[in-house]
Amino acid sequence: MIGERIVQKVSSTRGFAKVAPHVIPALDRAVHRITRGKFLLSAQMLPGVVLTSTGARSGLTRRTPLACMPEEEGRTWILIGSNFGRDGHPAWTANLLAHSAASVSWKGQDIAVTATLLTGEERAAVWKTALAFWPPYATYQARVEREIRLFRITRR
């Protein structure tokens, strides 16, 4: 699909990494709210959820629209802490490390989930699948020194 290739190419640029984190989540939150959880703008290219987690330091509720990689027909999802290829792990990953109980809004349904950080061979296998799913993740990883965190979220 030619449109998908163009989006992948654009999303791999440093300019996108500078602008997108400020624009895409704000648009997704607004559209998600207006459509009562049934629609995410960014999900037109990648599947997406709105993660509701507890702040690692603040203890406050945090809502973060995220691209995801669904598994097992919507029973589990992979969340990829790419942070658009920017330095530093995204805050939502620290939240899940501190508080694994969370929820996701998936296709208009709120689902209680538990998050597990993937490590070792399991992470390596899922990372390969993630690269096939969205090739720009390889560009994001090459741009940063940190290992991009991968989480499997599972229905509680």
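Throughout, read-outs are computed from the coordinates displayed, never taken from laboratory work. Model, not experiment: these values are computed from the prediction. Virtual Cβ from ideal backbone geometry, glycine too; neighbours counted across all protein chains shown.
Binning all Cα-Cα separations of segment 88-156 at 10 Å, short to long from zero, yields these whole-percent fractions: 18, 44, 34, 4.
Scalar couplings 3J(HN,Hα) for segment 146-156, obtained by applying the Karplus form with A = 6.51, B = -1.76, C = 1.60 to θ = phi - 60°, are 6, 7, 5, 6, 10, 10, 9, 10, 10, 4, 8 Hz; x denotes Gly and Pro.
What is the Rg over Rh value, at two decimals, for segment 35-147, using alpha-carbon atoms and the Kirkwood definition of Rh? Rg/Rh: 0.94. The protection proxy used here, the mean number of other Cβ atoms lying within 10 Å of each residue, ranks peptides 129-136, 57-64 as follows, highest first: 129-136, 57-64.
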